[in-house]
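Peer 1: Okay, handing you the structure first.
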Amino acid sequence: MPGSVLYNLRYGMTRRVVLQYVAPVGALFLSACRTAAPGSGEDRPAPAARPVEIRAQMVEKQDVSAWIQRGLDQDIDGFKQKNPHITVVLDTVPGWTDAYIPKIIALSASNQLGDLLWYPPRHRSHLAWGLSAKLVRDLMPLVTATKYDLNQFYKGALEHNTWEGKLYWLSYISEPIVPVIAYNKTKLNLLGIPEPKDDWTFDELAEWARRGTGPDTFGYFRADAGTSPFSNGPYLRQWGVEPVDKTGKRATFMDTRDAFVAALTFRYNLMNTWKVSPTPAAGPINVMELFGSQRLLAVDIWPFRIQIYPDTFRDFEIGIVLTPVVRKGDRRRSMLNEHVFGITTTSKAPEEAFKVLTWIAGKEMNVQGLVQGQKGPIARPDVWADQRIYDKWPAYAKLRPIMEQIEPDFPVANFRGEEFDSAFAGPYSEMERGNMAPAAAAAEIQQRCQTVLDKEPS
């Protein structure tokens with residue numbers, strides 16, 4: 001309209017008239033600049049973020065609480081520098097899940113949960129804390145709000161922590177279950193026995209173990225593979241055996257009966273027929289003592305022992321080889337082991353908790369955890385692509401193709417995963433002691449595991 005600043009600027013005011021309008025505006029602008037904080041570079045300094053304490057509850061464990069505290073002390077990836085308003089407090093519970101889980105349930109009942117919770121899933125048991133117990137929240141709203149890139153994790157790990165589109169946990173440790181064998185290179189050279197190879201079959205492993213077995217020496221022991229279908233998951237899958245169907249409600253050992261009996265028979269023969277492995281029939285087996293005293297040449301191990309064994313056993317050189325397959329050229333099967341963290345449903349600072357969560361699940365925190373020998377790996381492609389890991393621990397290169405195709409743990413629908421494992425372990429252990437034939441053990445395992453699956457959800 002005529003007389004407005006916009007009208008007069010458009011339709012031709014005199015220079016004097018323009019200055020009448022512009023000068024006061026300029027004066028206001030200069031005044032504002034003069035009152036800005038010195039050295040701020042802005043008209044007004046941004047307000048400081050409010051101080052927030054994030055309480056993270058977990059077991060007291062070297063690769064969990066101790067490494068996270070060490071990461072804070074070292075300020076890995078500059079987390080503390082970037083987030084000076086966040087104080088992370090580690091609320092630890094000594095012991096394992098038998099102490100930790102009751103403590104968390106009690107804290108929840110008294111409304112004393114913190115912001116982050118740790119969990120070591122067995123057959124997706126951690127999902128119960130999101131679905132039925134309501135202890136942890138769906139992370140997807142925070143993922144969406146922050147545009148967090150979930151493609152930083154392998155598909156198998158995301159599948160493991162998701163139910164019906166809701167992501168309840170992020171990986172902290174995620175690794176292939178017992179994928180390699182550690183062996184005593186020094187003693188093999190003294191005995192004139194060749195080192196095992198990555199493409200071996202189980203039959204070749206057995207023959208090699210027979211050569212290495214003597215009056216005071218065993219050639220091989222399943223060691224970390226243990227007696228449960230969790231630690232034996234990749235072994236069973238390698239034989240074509242899947243413990244349950246996709247619903248997690250039906251035990252399926254006997255769907256592939258011949259293959260299952262063959263897998264059990266191989267383990268039975270190692271101890272009772274070929275006698276190349278120590279047997280629990282003679283009493284408890286101290287793997288570390290047998291391997292350290294060089295009376296046991298080779299053992300199945302978890303990935304983290306790639307870092308630990310060289311520092312533990314210094315009297316001989318250790319080699320690492322992939323666990324065998326049934327037939328030459330078989331696709332190598334796997335199963336995922338995880339430690340995870342989630343954000344509680346009662347957290348009053350979920351955004352800050354998410355920053356802490358994505359830091360402990362982040363690339364640099366996990367590269368350093370491996371390089372410094374403090375924790376197991378994580379299911380992140382960018383971590384597995386980092387050459388610093390292989391410069392320090394060359395054997396990890398053998399695991400990278402396995403992680404790129406990692407398969408999730410099988411589900412137990414009623415979340416009775418540890419009970420399912422115990423049902424398997426009973427007949428299996430009796431078979432290893434020579435008290436039960438493999439075929440009889442197979443039938444007993446099927447029956448006992450199905451009984452567990454038929455129970456009400458825990």
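Peer 1: Across all directions of projection, what mean area in square nanometres is found for the Cα convex hull of region 53-200?
Peer 2: On the way: hull surface 53.2 nm².
The number I arrive at for region 53-200 is 13.3 nm².
Peer 1: If you wrap a convex hull around the C-alpha atoms of region 329-458 and split its volume per residue, what is the figure in Å³?
Peer 2: Here the figure is 176 Å³ per residue.
Peer 1: Compare TRP200, TRP67 by solvent-accessible area with a 1.4 Å probe and give them largest first, with all protein chains kept in place.
Peer 2: On the way: TRP200 30, TRP67 0 Å².
Descending order: TRP200, TRP67.
Peer 1: Okay, next question. Provide the FRET efficiency to the nearest 0.05 for the ASP330-LYS155 pair, computing r from the beta carbons and using R0 = 30 Å.
Peer 2: 0.85
Peer 1: While we're on this one: Give me a comma-separated list of calculated 3J(HN,Hα) values for region 100-114, in order, Karplus coefficients 6.51, -1.76, 1.60 applied at θ = phi - 60°, integers in Hz, x for any Gly or Pro.
Peer 2: Per residue, the Karplus-derived 3J(HN,Hα) values read 5, 4, x, 5, 5, 4, 5, 5, 5, 5, 9, 6, 10, 5, x Hz.
Peer 1: Here's another thing I want to ask about it. Gain in length, LYS166 to ASN269, computed as 0.36 nm per residue apart minus the alpha-carbon separation, to one decimal in nm?
Peer 2: 32.6 nm
Peer 1: Return one number: the angle in degrees, 0 to 90 and rounded to the nearest 10, between the long axis of the Cα atoms of helix 257-272 and the longest principal axis of the Cα atoms of the chain.
Peer 2: Rounded to the nearest ten degrees, it is 70.
Peer 1: Around VAL88, which amide H atoms from residues at least 5 apart in sequence, or from another chain, sit under 5 Å from its own amide H, with H modelled in the peptide plane?
Peer 2: Answer set, sorted by chain and number: ILE54.
Peer 1: Scanning the chain for GluC sites (Glu not before Pro) in DSSP loops with at most 11 other Cβ atoms within 10 Å, what's the longest stretch left with none?
Peer 2: Longest run free of exposed loop sites: 165-458.
Peer 1: Related question: Treating cross-link reach as a plain straight distance, find the lysines whose alpha-carbon is under 29 Å from the alpha-carbon of LYS185, omitting any fewer than eight places away in the same chain.
Peer 2: Partners found: LYS197, LYS275, LYS328, LYS375, LYS392, LYS398.
Peer 1: How long is the gain from PHE316 to GLU204 if the chain were fully straight, where each residue apart is worth 0.36 nm and the alpha carbon distance is subtracted?
Peer 2: Additional length available on full extension: 37.9 nm.
Peer 1: Plugging the Kirkwood radius over Cα pairs into Stokes-Einstein for the chain, at a temperature of 25 °C and a viscosity of 0.890 mPa s, what D comes out in µm²/s? Present the calculation step by step, with values, prior to reporting the outcome.
Peer 2: Details: Rh = 25.2 Å.
Taking Rh from Cα pairs, D becomes 97 µm²/s.
Peer 1: Kirkwood hydrodynamic radius, computed over distinct alpha-carbon pairs, for region 262-404: how many Å, to one decimal?
Peer 2: 18.4
Peer 1: Based only on Cα atoms, what Rg/Rh ratio does region 359-405 have, Rh being taken as Kirkwood's radius? Walk me through the numbers before you get to the answer.
Peer 2: Numbers: Rg = 9.6 Å, Rh = 10.5 Å.
We get a ratio of 0.91 for region 359-405.
Peer 1: Let me ask another. Once both labels are modelled 7 Å past Cα along the beta-carbon direction, what's the GLN69-TYR390 spacing in nm?
Peer 2: 3.5
Peer 1: Something else now. Tell me the carbon and sulfur percent of the accessible area for the chain, rounded to whole percent, probe radius 1.4 Å. Let's see the in-between values first.
Peer 2: Working: 11340 of 21190 Å².
Using a 1.4 Å probe with all protein chains present, the chain comes out at 54 percent carbon and sulfur.
Peer 1: I would also like to ask the following. For the chain, what is the accessible area per residue in Å² when the probe is 1.4 Å?
Peer 2: 46
Peer 1: Within region 218-326, list the trypsin sites (Lys or Arg not before Pro) lying in a DSSP loop whose Cβ has at most 16 other Cβ atoms in a 10 Å radius.
Peer 2: For trypsin sites (Lys or Arg not before Pro) across region 218-326 that sit outside H, G, I, E and B with at most 16 neighbouring Cβ atoms in 10 Å, the list reads LYS246, LYS249, ARG250, LYS275, ARG295, ARG314.
Peer 1: I've got another one for you. Mind pulling the angle between the C-alpha long axis of helix 15-35 and the longest principal axis of the chain? Nearest 10 degrees, somewhere in 0 to 90.
Peer 2: 50
Peer 1: From the backbone phi of region 389-396, what are the Karplus-calculated ³J(HN,Hα) couplings (6.51 cos²θ - 1.76 cosθ + 1.60, θ = phi - 60°) in whole Hz, Gly and Pro given as x?
Peer 2: Listing the rounded values in order: 5, 6, 5, 7, 10, x, 5, 5 Hz.
Peer 1: Kindly express, to the nearest 10 degrees and within the range 0 to 90, the angle between helix 438-453's C-alpha long axis and the longest C-alpha principal axis of the chain.
Peer 2: 30
The values are calculated or read from the model by the stated rules, or taken from the named source; none is laboratory data. All figures in this text were calculated on a predicted structure; none of them were measured in a lab. Virtual Cβ from ideal backbone geometry, glycine too; neighbours counted across all protein chains shown. Accessible surface is based on the protein model in full, side chains and every heavy atom, while ligands, DNA and RNA are left aside. Shrake-Rupley method; radii C 1.70, N 1.55, O 1.52, S 1.80 Å.
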